[in-house]
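J.: There's a structure below that I have some questions on.
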Amino acid sequence: MYNVAIVGAGPAGIFAALEIAKLRPEWKVVLVEKGDRIEKRKCLLREGFEKCPTCKKCGLLCGWGGAGAFSDGKLTLTPDVGGHLDDYMSREKVEDLIDYVDKLYLKYGATEEVFGTDMKVFREIERQASLAELKLVHSPVRHLGTERSLDVLKNMQDFLDEKITIRNDVSARSLIVECEQVKGIVLDNGEEIRSEYTIIAPGREGADWLTKEFGKNKIGMVNNAVDVGVRVELPAPVFEPLTSKLYESKLIYHSPTFGDEVRTFCMNPNGEVVQENYNGISTVNGHSYAEKTTNNTNFALLVSEKFTEPFKEPIQYGQHIASLANMLGGGILVQRFGDLLDGRRSTPERIKASILTPTLTCATPGDLSLVIPYRQMTSIIEMLYALDKIAPGTASRYTLLYGIEVKFYSARVKLTDELETEGVKNLFAIGDGAGVTRGLIQASASGVHVARVICSR
Ligand SMILES: Cc1cc2nc3c(=O)[nH]c(=O)nc-3n(C[C@H](O)[C@H](O)[C@H](O)COP(=O)(O)OP(=O)(O)OC[C@H]3O[C@@H](n4cnc5c(N)ncnc54)[C@H](O)[C@@H]3O)c2cc1C
(Lines give C-alpha, C1' and ligand atoms only; values in the text may rest on other atoms or scores of the structure.)
Protein backbone atom coordinates (compact mmCIF):
# COMPACT_ATOMS: atom_id res chain seq x y z
CA MET A 1 0.00 0.00 0.00
CA TYR A 2 1.39 3.37 -1.05
CA ASN A 3 0.59 6.76 0.37
CA VAL A 4 0.57 8.31 -3.10
CA ALA A 5 0.46 6.91 -6.64
CA ILE A 6 1.33 9.28 -9.47
CA VAL A 7 0.54 8.57 -13.14
CA GLY A 8 2.88 10.29 -15.63
CA ALA A 9 6.49 11.42 -15.24
CA GLY A 10 6.14 14.74 -17.04
CA PRO A 11 6.95 17.96 -15.18
CA ALA A 12 3.60 17.84 -13.33
CA GLY A 13 4.18 14.32 -11.95
CA ILE A 14 7.89 14.88 -11.28
CA PHE A 15 7.36 18.11 -9.32
CA ALA A 16 4.57 16.49 -7.30
CA ALA A 17 7.02 13.68 -6.41
CA LEU A 18 9.83 16.14 -5.56
CA GLU A 19 7.60 18.10 -3.20
CA ILE A 20 6.20 15.02 -1.46
CA ALA A 21 9.73 13.64 -1.04
CA LYS A 22 10.67 16.93 0.61
CA LEU A 23 7.62 17.32 2.87
CA ARG A 24 7.03 13.64 3.73
CA PRO A 25 10.30 11.77 3.22
CA GLU A 26 8.88 8.78 5.14
CA TRP A 27 5.94 8.29 2.73
CA LYS A 28 5.78 5.50 0.17
CA VAL A 29 5.28 7.01 -3.29
CA VAL A 30 5.09 5.23 -6.65
CA LEU A 31 5.37 7.02 -9.98
CA VAL A 32 4.09 5.09 -13.03
CA GLU A 33 5.35 6.15 -16.46
CA LYS A 34 4.49 4.41 -19.70
CA GLY A 35 7.70 5.47 -21.45
CA ASP A 36 11.40 4.86 -20.81
CA ARG A 37 13.86 6.27 -18.30
CA ILE A 38 15.44 9.52 -19.49
CA GLU A 39 18.73 7.95 -20.61
CA LYS A 40 16.89 5.35 -22.73
CA ARG A 41 14.47 7.73 -24.40
CA LYS A 42 14.87 8.25 -28.09
CA CYS A 43 12.90 9.67 -30.96
CA LEU A 44 13.81 7.87 -34.18
CA LEU A 45 13.29 11.05 -36.19
CA ARG A 46 15.96 12.74 -34.08
CA GLU A 47 18.19 9.72 -34.69
CA GLY A 48 18.11 10.32 -38.44
CA PHE A 49 14.99 8.45 -39.62
CA GLU A 50 13.57 10.20 -42.68
CA LYS A 51 9.92 9.58 -41.85
CA CYS A 52 8.29 9.37 -38.44
CA PRO A 53 7.65 5.64 -37.90
CA THR A 54 4.74 6.60 -35.56
CA CYS A 55 5.97 4.45 -32.66
CA LYS A 56 3.33 2.95 -30.39
CA LYS A 57 4.73 5.05 -27.54
CA CYS A 58 5.97 8.31 -29.08
CA GLY A 59 9.59 8.73 -27.90
CA LEU A 60 9.24 12.50 -28.18
CA LEU A 61 6.30 12.65 -25.76
CA CYS A 62 6.55 9.61 -23.50
CA GLY A 63 9.13 8.73 -20.87
CA TRP A 64 10.82 10.47 -17.94
CA GLY A 65 10.33 14.22 -18.41
CA GLY A 66 7.20 13.78 -20.56
CA ALA A 67 6.71 16.12 -23.48
CA GLY A 68 9.13 18.47 -21.72
CA ALA A 69 12.19 16.24 -22.11
CA PHE A 70 13.18 16.99 -25.69
CA SER A 71 11.40 20.32 -25.49
CA ASP A 72 13.12 23.57 -25.87
CA GLY A 73 12.90 24.17 -22.16
CA LYS A 74 11.55 27.71 -22.30
CA LEU A 75 10.35 28.42 -18.81
CA THR A 76 7.81 31.24 -19.07
CA LEU A 77 7.81 32.93 -15.69
CA THR A 78 4.34 34.45 -15.61
CA PRO A 79 0.80 33.28 -14.78
CA ASP A 80 -0.41 34.94 -18.02
CA VAL A 81 0.71 32.13 -20.29
CA GLY A 82 1.04 28.39 -20.09
CA GLY A 83 -2.09 27.53 -18.16
CA HIS A 84 -5.12 28.46 -16.11
CA LEU A 85 -3.84 27.96 -12.58
CA ASP A 86 -5.14 31.40 -11.64
CA ASP A 87 -8.67 30.02 -12.09
CA TYR A 88 -8.03 27.89 -9.00
CA MET A 89 -6.06 30.24 -6.76
CA SER A 90 -5.06 33.88 -6.47
CA ARG A 91 -2.60 35.36 -8.92
CA GLU A 92 -0.17 35.99 -6.07
CA LYS A 93 -0.26 32.32 -5.14
CA VAL A 94 0.46 31.29 -8.75
CA GLU A 95 3.34 33.78 -8.84
CA ASP A 96 4.75 32.30 -5.63
CA LEU A 97 4.48 28.78 -7.06
CA ILE A 98 6.17 29.87 -10.30
CA ASP A 99 8.98 31.45 -8.33
CA TYR A 100 9.35 28.28 -6.26
CA VAL A 101 9.50 25.87 -9.22
CA ASP A 102 11.83 28.20 -11.12
CA LYS A 103 14.23 28.00 -8.18
CA LEU A 104 13.95 24.21 -8.24
CA TYR A 105 14.82 24.16 -11.97
CA LEU A 106 17.87 26.29 -11.10
CA LYS A 107 18.80 23.93 -8.27
CA TYR A 108 18.78 20.99 -10.71
CA GLY A 109 20.96 22.79 -13.26
CA ALA A 110 18.93 25.33 -15.28
CA THR A 111 20.71 28.28 -16.92
CA GLU A 112 20.82 31.59 -15.05
CA GLU A 113 19.85 33.93 -17.91
CA VAL A 114 16.27 35.25 -18.15
CA PHE A 115 15.09 37.07 -21.30
CA GLY A 116 12.45 39.82 -21.42
CA THR A 117 13.01 41.48 -18.05
CA ASP A 118 13.95 44.92 -19.46
CA MET A 119 10.62 46.80 -19.25
CA LYS A 120 11.85 49.70 -21.42
CA VAL A 121 12.53 47.32 -24.30
CA PHE A 122 9.24 45.51 -23.69
CA ARG A 123 7.23 48.77 -23.74
CA GLU A 124 8.76 49.79 -27.08
CA ILE A 125 7.92 46.46 -28.73
CA GLU A 126 4.48 46.57 -27.12
CA ARG A 127 3.96 50.00 -28.73
CA GLN A 128 4.90 48.70 -32.18
CA ALA A 129 2.65 45.68 -31.69
CA SER A 130 -0.36 47.77 -30.74
CA LEU A 131 0.00 49.78 -33.95
CA ALA A 132 -0.49 46.46 -35.77
CA GLU A 133 -3.50 45.58 -33.53
CA LEU A 134 -1.45 42.91 -31.77
CA LYS A 135 -1.35 42.46 -28.01
CA LEU A 136 2.09 41.63 -26.62
CA VAL A 137 1.98 39.64 -23.38
CA HIS A 138 4.77 40.26 -20.90
CA SER A 139 6.40 36.88 -20.36
CA PRO A 140 9.97 36.67 -19.09
CA VAL A 141 11.60 33.45 -20.28
CA ARG A 142 14.38 31.30 -18.91
CA HIS A 143 15.72 29.29 -21.84
CA LEU A 144 17.27 25.90 -21.12
CA GLY A 145 17.65 24.50 -24.63
CA THR A 146 16.98 20.85 -25.35
CA GLU A 147 20.37 19.53 -24.17
CA ARG A 148 20.18 21.34 -20.82
CA SER A 149 16.56 20.24 -20.34
CA LEU A 150 17.69 16.62 -20.53
CA ASP A 151 20.44 17.20 -17.94
CA VAL A 152 18.05 18.91 -15.52
CA LEU A 153 15.53 16.08 -15.84
CA LYS A 154 18.25 13.45 -15.40
CA ASN A 155 19.35 15.15 -12.16
CA MET A 156 15.75 15.03 -10.89
CA GLN A 157 15.46 11.36 -11.86
CA ASP A 158 18.73 10.53 -10.03
CA PHE A 159 17.45 12.29 -6.92
CA LEU A 160 14.02 10.62 -6.96
CA ASP A 161 15.49 7.17 -7.72
CA GLU A 162 16.67 7.17 -4.11
CA LYS A 163 13.42 8.47 -2.62
CA ILE A 164 10.46 6.85 -4.37
CA THR A 165 9.54 3.84 -6.53
CA ILE A 166 9.66 4.64 -10.23
CA ARG A 167 7.93 2.20 -12.59
CA ASN A 168 8.79 2.71 -16.28
CA ASP A 169 7.40 1.00 -19.37
CA VAL A 170 4.04 0.35 -17.84
CA SER A 171 0.77 2.26 -18.26
CA ALA A 172 -2.05 2.97 -15.89
CA ARG A 173 -5.07 1.26 -17.45
CA SER A 174 -7.83 2.20 -15.02
CA LEU A 175 -8.65 3.78 -11.68
CA ILE A 176 -9.77 1.83 -8.64
CA VAL A 177 -12.69 3.73 -7.15
CA GLU A 178 -14.68 2.44 -4.18
CA CYS A 179 -17.45 4.35 -2.37
CA GLU A 180 -16.61 7.55 -4.30
CA GLN A 181 -13.02 7.44 -3.11
CA VAL A 182 -9.96 6.55 -5.17
CA LYS A 183 -8.05 3.50 -3.95
CA GLY A 184 -5.32 3.31 -6.58
CA ILE A 185 -4.81 2.20 -10.16
CA VAL A 186 -4.70 -0.93 -12.28
CA LEU A 187 -1.74 -1.24 -14.65
CA ASP A 188 -1.94 -2.54 -18.20
CA ASN A 189 -0.34 -5.83 -17.04
CA GLY A 190 -3.28 -6.30 -14.65
CA GLU A 191 -1.31 -5.46 -11.51
CA GLU A 192 -3.15 -3.43 -8.87
CA ILE A 193 -1.41 -0.55 -7.12
CA ARG A 194 -3.25 0.47 -3.97
CA SER A 195 -2.76 4.00 -2.65
CA GLU A 196 -4.39 6.48 -0.32
CA TYR A 197 -4.05 9.36 -2.79
CA THR A 198 -3.73 9.24 -6.58
CA ILE A 199 -2.42 12.02 -8.81
CA ILE A 200 -3.19 11.79 -12.53
CA ALA A 201 -0.70 13.70 -14.73
CA PRO A 202 -0.73 12.02 -18.18
CA GLY A 203 -0.10 15.12 -20.32
CA ARG A 204 -1.71 15.85 -23.66
CA GLU A 205 -0.56 12.45 -24.89
CA GLY A 206 -2.73 10.82 -22.23
CA ALA A 207 -5.60 13.34 -22.36
CA ASP A 208 -7.79 10.98 -24.36
CA TRP A 209 -7.23 8.17 -21.83
CA LEU A 210 -7.95 10.55 -18.95
CA THR A 211 -11.20 11.73 -20.55
CA LYS A 212 -12.44 8.16 -21.05
CA GLU A 213 -11.35 6.94 -17.61
CA PHE A 214 -12.84 9.94 -15.80
CA GLY A 215 -16.01 9.62 -17.92
CA LYS A 216 -16.38 6.00 -16.73
CA ASN A 217 -16.21 7.26 -13.14
CA LYS A 218 -18.71 10.06 -13.80
CA ILE A 219 -16.13 12.78 -13.11
CA GLY A 220 -17.28 16.01 -14.76
CA MET A 221 -15.38 17.50 -17.68
CA VAL A 222 -15.85 20.90 -19.31
CA ASN A 223 -14.94 21.64 -22.89
CA ASN A 224 -11.84 23.76 -23.30
CA ALA A 225 -11.16 25.57 -26.53
CA VAL A 226 -9.26 23.49 -29.07
CA ASP A 227 -6.26 25.17 -30.68
CA VAL A 228 -5.64 24.34 -34.31
CA GLY A 229 -3.11 25.97 -36.59
CA VAL A 230 0.21 25.79 -38.36
CA ARG A 231 3.89 26.07 -37.52
CA VAL A 232 5.46 29.03 -39.30
CA GLU A 233 9.11 28.91 -40.34
CA LEU A 234 11.02 31.88 -41.69
CA PRO A 235 14.58 33.21 -41.92
CA ALA A 236 15.83 34.00 -38.41
CA PRO A 237 16.71 37.65 -39.26
CA VAL A 238 13.02 38.41 -39.91
CA PHE A 239 12.14 37.93 -36.23
CA GLU A 240 15.56 38.84 -34.87
CA PRO A 241 14.51 42.36 -33.70
CA LEU A 242 12.02 40.63 -31.38
CA THR A 243 13.79 37.38 -30.48
CA SER A 244 17.10 39.02 -29.63
CA LYS A 245 15.35 41.10 -26.97
CA LEU A 246 12.47 38.96 -25.72
CA TYR A 247 13.52 35.49 -26.95
CA GLU A 248 9.86 34.56 -27.24
CA SER A 249 7.19 37.11 -28.10
CA LYS A 250 3.67 36.08 -27.11
CA LEU A 251 1.42 38.00 -29.47
CA ILE A 252 -2.37 37.82 -29.54
CA TYR A 253 -4.61 38.98 -32.38
CA HIS A 254 -8.36 38.97 -33.01
CA SER A 255 -8.94 38.18 -36.65
CA PRO A 256 -11.15 40.80 -38.32
CA THR A 257 -13.24 38.31 -40.32
CA PHE A 258 -14.24 35.87 -37.59
CA GLY A 259 -13.13 37.64 -34.40
CA ASP A 260 -11.28 34.46 -33.37
CA GLU A 261 -8.26 34.66 -31.11
CA VAL A 262 -5.01 33.79 -32.90
CA ARG A 263 -1.77 33.64 -30.92
CA THR A 264 1.87 32.94 -31.43
CA PHE A 265 3.04 29.97 -29.41
CA CYS A 266 6.36 28.26 -28.68
CA MET A 267 8.77 30.50 -30.59
CA ASN A 268 12.14 28.96 -31.41
CA PRO A 269 14.81 31.37 -32.62
CA ASN A 270 17.36 29.53 -34.80
CA GLY A 271 15.47 26.35 -34.00
CA GLU A 272 13.99 23.46 -35.91
CA VAL A 273 10.53 22.15 -36.66
CA VAL A 274 9.81 18.67 -35.32
CA GLN A 275 7.18 16.02 -35.85
CA GLU A 276 5.33 14.41 -32.95
CA ASN A 277 2.85 11.61 -32.86
CA TYR A 278 -0.33 11.38 -30.79
CA ASN A 279 -1.59 7.82 -30.81
CA GLY A 280 -0.69 7.36 -34.47
CA ILE A 281 -1.53 10.89 -35.65
CA SER A 282 1.42 13.03 -36.77
CA THR A 283 1.42 16.69 -35.77
CA VAL A 284 4.05 19.46 -35.77
CA ASN A 285 5.93 21.21 -33.00
CA GLY A 286 9.24 23.03 -32.72
CA HIS A 287 12.25 23.44 -30.49
CA SER A 288 15.71 24.96 -30.40
CA TYR A 289 18.97 23.78 -28.92
CA ALA A 290 21.13 25.84 -26.59
CA GLU A 291 24.23 25.24 -28.71
CA LYS A 292 23.19 23.80 -32.10
CA THR A 293 21.52 26.49 -34.22
CA THR A 294 19.82 26.71 -37.63
CA ASN A 295 19.26 29.75 -39.88
CA ASN A 296 15.52 29.66 -39.30
CA THR A 297 13.07 30.70 -36.61
CA ASN A 298 9.78 28.89 -36.07
CA PHE A 299 6.65 29.45 -34.03
CA ALA A 300 3.08 28.19 -34.00
CA LEU A 301 0.06 30.25 -34.99
CA LEU A 302 -2.90 28.77 -33.17
CA VAL A 303 -6.55 29.64 -33.58
CA SER A 304 -8.72 28.97 -30.54
CA GLU A 305 -12.19 27.55 -31.11
CA LYS A 306 -14.59 27.08 -28.24
CA PHE A 307 -17.50 24.85 -29.17
CA THR A 308 -21.06 25.28 -27.97
CA GLU A 309 -23.81 22.67 -27.41
CA PRO A 310 -24.36 19.99 -28.58
CA PHE A 311 -20.73 19.37 -29.69
CA LYS A 312 -18.64 17.81 -26.92
CA GLU A 313 -15.63 16.28 -28.66
CA PRO A 314 -13.01 18.96 -29.34
CA ILE A 315 -10.16 16.41 -29.08
CA GLN A 316 -11.66 14.38 -31.92
CA TYR A 317 -12.15 17.58 -33.93
CA GLY A 318 -8.43 18.38 -33.67
CA GLN A 319 -7.47 14.78 -34.42
CA HIS A 320 -9.73 14.76 -37.47
CA ILE A 321 -8.05 17.81 -39.01
CA ALA A 322 -4.58 16.45 -38.27
CA SER A 323 -5.54 13.06 -39.76
CA LEU A 324 -6.64 14.79 -42.95
CA ALA A 325 -3.18 16.36 -43.33
CA ASN A 326 -1.63 12.91 -42.68
CA MET A 327 -3.92 11.37 -45.29
CA LEU A 328 -2.86 13.84 -47.99
CA GLY A 329 0.82 14.08 -47.11
CA GLY A 330 1.55 10.71 -45.53
CA GLY A 331 2.58 12.73 -42.48
CA ILE A 332 3.21 16.46 -42.17
CA LEU A 333 2.38 18.89 -44.99
CA VAL A 334 4.47 21.97 -45.77
CA GLN A 335 3.44 24.84 -48.01
CA ARG A 336 4.96 28.17 -48.97
CA PHE A 337 2.74 31.10 -47.99
CA GLY A 338 2.91 32.38 -51.60
CA ASP A 339 1.65 29.07 -52.98
CA LEU A 340 -1.23 29.10 -50.50
CA LEU A 341 -2.24 32.59 -51.64
CA ASP A 342 -1.89 31.59 -55.31
CA GLY A 343 -4.21 28.62 -54.76
CA ARG A 344 -1.67 25.98 -55.73
CA ARG A 345 0.15 23.23 -53.89
CA SER A 346 3.82 23.52 -53.06
CA THR A 347 6.07 21.04 -54.81
CA PRO A 348 9.64 19.92 -54.00
CA GLU A 349 10.85 22.16 -56.87
CA ARG A 350 9.01 25.23 -55.54
CA ILE A 351 10.29 24.60 -52.01
CA LYS A 352 13.80 24.32 -53.43
CA ALA A 353 13.42 27.61 -55.29
CA SER A 354 13.15 29.52 -52.01
CA ILE A 355 15.32 31.57 -49.75
CA LEU A 356 15.03 29.15 -46.84
CA THR A 357 15.43 25.40 -46.41
CA PRO A 358 12.82 23.55 -44.33
CA THR A 359 14.28 22.12 -41.12
CA LEU A 360 11.68 19.33 -41.01
CA THR A 361 12.93 17.50 -44.07
CA CYS A 362 10.34 14.71 -43.92
CA ALA A 363 7.40 17.10 -44.48
CA THR A 364 5.60 16.63 -47.81
CA PRO A 365 5.09 19.75 -49.95
CA GLY A 366 1.34 20.07 -50.44
CA ASP A 367 -1.75 22.22 -50.08
CA LEU A 368 -2.95 23.18 -46.61
CA SER A 369 -6.13 24.75 -47.99
CA LEU A 370 -7.41 21.19 -48.54
CA VAL A 371 -7.04 20.52 -44.84
CA ILE A 372 -7.53 23.57 -42.64
CA PRO A 373 -11.13 24.85 -42.36
CA TYR A 374 -11.81 28.22 -44.00
CA ARG A 375 -12.40 29.87 -40.62
CA GLN A 376 -8.99 28.97 -39.16
CA MET A 377 -7.16 29.49 -42.47
CA THR A 378 -8.56 33.02 -42.86
CA SER A 379 -7.55 33.89 -39.30
CA ILE A 380 -4.01 32.56 -39.86
CA ILE A 381 -3.57 34.57 -43.08
CA GLU A 382 -4.84 37.74 -41.35
CA MET A 383 -2.46 37.17 -38.43
CA LEU A 384 0.51 36.73 -40.80
CA TYR A 385 -0.24 40.12 -42.35
CA ALA A 386 -0.52 41.73 -38.89
CA LEU A 387 2.83 40.19 -37.86
CA ASP A 388 4.37 41.48 -41.09
CA LYS A 389 3.88 45.02 -39.76
CA ILE A 390 6.15 44.46 -36.75
CA ALA A 391 8.46 41.91 -38.37
CA PRO A 392 8.58 42.77 -42.10
CA GLY A 393 9.14 39.62 -44.14
CA THR A 394 6.72 37.47 -42.14
CA ALA A 395 4.14 37.49 -44.94
CA SER A 396 6.80 36.71 -47.55
CA ARG A 397 5.86 34.22 -50.28
CA TYR A 398 8.73 32.05 -49.04
CA THR A 399 7.48 31.73 -45.47
CA LEU A 400 6.80 28.07 -44.76
CA LEU A 401 3.64 26.80 -43.11
CA TYR A 402 3.64 23.27 -41.68
CA GLY A 403 0.42 21.51 -40.75
CA ILE A 404 -1.11 20.59 -38.58
CA GLU A 405 -0.19 21.94 -35.18
CA VAL A 406 -2.93 21.15 -32.71
CA LYS A 407 -3.10 21.21 -28.94
CA PHE A 408 -5.11 18.39 -27.40
CA TYR A 409 -5.65 19.93 -23.99
CA SER A 410 -9.23 20.44 -24.81
CA ALA A 411 -11.22 18.71 -22.08
CA ARG A 412 -10.81 20.28 -18.66
CA VAL A 413 -11.57 18.18 -15.61
CA LYS A 414 -13.98 19.72 -13.09
CA LEU A 415 -11.70 20.30 -10.13
CA THR A 416 -11.82 22.00 -6.76
CA ASP A 417 -9.36 24.78 -5.92
CA GLU A 418 -7.12 22.02 -4.53
CA LEU A 419 -7.17 20.33 -7.98
CA GLU A 420 -9.05 17.39 -6.52
CA THR A 421 -11.77 15.90 -8.70
CA GLU A 422 -15.35 16.76 -7.90
CA GLY A 423 -17.01 13.45 -7.05
CA VAL A 424 -14.05 11.13 -6.34
CA LYS A 425 -12.20 11.91 -3.13
CA ASN A 426 -8.38 11.85 -2.90
CA LEU A 427 -8.08 11.84 -6.70
CA PHE A 428 -6.14 14.79 -8.13
CA ALA A 429 -5.64 15.76 -11.78
CA ILE A 430 -2.84 18.10 -12.85
CA GLY A 431 -0.79 19.31 -15.80
CA ASP A 432 -1.71 19.54 -19.48
CA GLY A 433 -3.73 16.31 -19.55
CA ALA A 434 -6.22 17.67 -17.03
CA GLY A 435 -6.57 20.80 -19.18
CA VAL A 436 -5.35 23.08 -16.38
CA THR A 437 -1.92 23.91 -17.82
CA ARG A 438 -0.20 24.34 -21.18
CA GLY A 439 3.47 24.65 -20.42
CA LEU A 440 6.39 23.45 -18.34
CA ILE A 441 6.28 25.99 -15.54
CA GLN A 442 2.57 25.84 -14.74
CA ALA A 443 2.54 22.04 -15.14
CA SER A 444 5.38 21.86 -12.60
CA ALA A 445 3.58 24.36 -10.33
CA SER A 446 0.39 22.28 -10.43
CA GLY A 447 2.41 19.30 -9.17
CA VAL A 448 3.82 21.26 -6.23
CA HIS A 449 0.35 22.59 -5.38
CA VAL A 450 -1.33 19.16 -5.09
CA ALA A 451 1.68 17.71 -3.25
CA ARG A 452 1.30 20.41 -0.59
CA VAL A 453 -2.46 19.83 -0.36
CA ILE A 454 -1.99 16.07 0.07
CA CYS A 455 0.84 16.42 2.57
CA SER A 456 -1.21 18.82 4.68
CA ARG A 457 -4.12 16.38 5.05
C1 LIG B 1 8.40 19.51 -28.86
C2 LIG B 1 7.80 20.25 -27.70
C3 LIG B 1 8.35 21.46 -27.28
C4 LIG B 1 7.82 22.12 -26.17
N5 LIG B 1 8.44 23.27 -25.73
C6 LIG B 1 8.00 23.87 -24.60
C7 LIG B 1 8.68 24.99 -24.07
O8 LIG B 1 9.72 25.40 -24.57
N9 LIG B 1 8.17 25.60 -22.96
C10 LIG B 1 7.04 25.15 -22.34
O11 LIG B 1 6.64 25.75 -21.33
N12 LIG B 1 6.37 24.08 -22.81
C13 LIG B 1 6.83 23.42 -23.91
N14 LIG B 1 6.18 22.32 -24.39
C15 LIG B 1 4.99 21.86 -23.64
C16 LIG B 1 5.41 21.14 -22.37
O17 LIG B 1 6.32 20.12 -22.69
C18 LIG B 1 4.17 20.60 -21.68
O19 LIG B 1 3.32 21.68 -21.37
C20 LIG B 1 4.51 19.88 -20.39
O21 LIG B 1 5.43 18.85 -20.60
C22 LIG B 1 3.25 19.29 -19.74
O23 LIG B 1 3.59 18.59 -18.60
P24 LIG B 1 2.70 17.39 -18.05
O25 LIG B 1 3.47 16.81 -16.91
O26 LIG B 1 1.33 17.86 -17.81
O27 LIG B 1 2.58 16.32 -19.23
P28 LIG B 1 3.68 15.59 -20.11
O29 LIG B 1 4.96 16.31 -20.10
O30 LIG B 1 3.03 15.34 -21.42
O31 LIG B 1 3.92 14.19 -19.36
C32 LIG B 1 2.92 13.22 -19.25
C33 LIG B 1 3.57 11.85 -19.08
O34 LIG B 1 2.55 10.91 -18.75
C35 LIG B 1 2.82 9.69 -19.41
N36 LIG B 1 1.55 8.97 -19.53
C37 LIG B 1 0.47 9.28 -20.29
N38 LIG B 1 -0.53 8.40 -20.08
C39 LIG B 1 -0.06 7.50 -19.19
C40 LIG B 1 -0.61 6.33 -18.59
N41 LIG B 1 -1.87 5.94 -18.85
N42 LIG B 1 0.15 5.62 -17.74
C43 LIG B 1 1.44 6.00 -17.44
N44 LIG B 1 2.01 7.10 -17.98
C45 LIG B 1 1.27 7.84 -18.83
C46 LIG B 1 3.39 10.10 -20.75
O47 LIG B 1 4.19 9.05 -21.28
C48 LIG B 1 4.23 11.33 -20.36
O49 LIG B 1 5.56 10.99 -20.08
C50 LIG B 1 6.69 21.62 -25.49
C51 LIG B 1 6.11 20.41 -25.92
C52 LIG B 1 6.66 19.72 -27.00
C53 LIG B 1 6.02 18.42 -27.40
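J.: Got a number for residues in region 62-72 being at pLDDT 85 or above and near the ligand (Cβ under 6 Å from one of its atoms)?
T.: Residues flagged as at pLDDT 85 or above and near the ligand (Cβ under 6 Å from one of its atoms) within region 62-72 amount to 4.
J.: Follow-up question, since we're still on this one. For a quick check of your reading: which helices (runs of 4 or more DSSP H) sit entirely within region 311-368 and have at least 2 residues that are surrounded by 20 or more Cβ atoms within 10 Å (Cβ to Cβ)?
T.: 314-329, 337-341
J.: Name the one entry in Lys34, Lys22 that is within 11 Å of the ligand (Cβ to nearest atom), of a type in the set (Lys, Arg) and under 25 Å from Gly73 (Cβ atoms).
T.: Lys34
J.: Ok, one more. Restricting to region 147-177, and then to whatever is of a type in the set (Lys, Arg) and buried (at least 16 other Cβ atoms within 10 Å of the Cβ), can you tell me which residue is nearest to the ligand (Cβ to nearest atom)?
T.: Arg167
J.: Do you know which residues across region 276-286 are among the polar types (S, T, N, Q) and surrounded by fewer than 23 Cβ atoms within 10 Å (Cβ to Cβ)?
T.: Residue satisfying the conditions is Asn279 alone.
J.: Can you pull out the residues in region 41-63 that are touching a residue at least 24 places away in the same chain (Cβ under 8 Å) and of a type outside the set (A, V, I, L, M, F, W, C)?
T.: Matches in region 41-63: Arg41, Arg46, Glu50, Lys51, Thr54, Gly59, Gly63.
J.: Here's a follow-up. Considering Lys42, Lys51, Lys57, which residue is farther than 21 Å from Thr198 by Cβ, surrounded by fewer than 22 Cβ atoms within 10 Å (Cβ to Cβ), within 8 Å of the ligand (Cβ to nearest atom) and in the same structural domain as Phe214 (by TED's automatic domain parsing)?
T.: Lys57
J.: Next question, about the same structure. Considering each residue of region 178-206, count those that are basic (Lys, Arg) and surrounded by fewer than 22 Cβ atoms within 10 Å (Cβ to Cβ), and give that number.
T.: Result for region 178-206: 2.
J.: Of the residues Ala201, Ala172, which is closer than 29 Å to Glu248 by Cβ and touching a residue at least 60 places away in the same chain (Cβ under 8 Å)?
T.: Exactly one of Ala201, Ala172 is closer than 29 Å to Glu248 by Cβ and touching a residue at least 60 places away in the same chain (Cβ under 8 Å), namely Ala201.
The values are calculated or read from the model by the stated rules, or taken from the named source; none is laboratory data. Quick caveat: nothing in here was measured; it's all calculated off a predicted structure. A quick note on method: Cβ atoms are made from the backbone with ideal geometry, for glycine too, and the neighbour counts reach across all protein chains shown.
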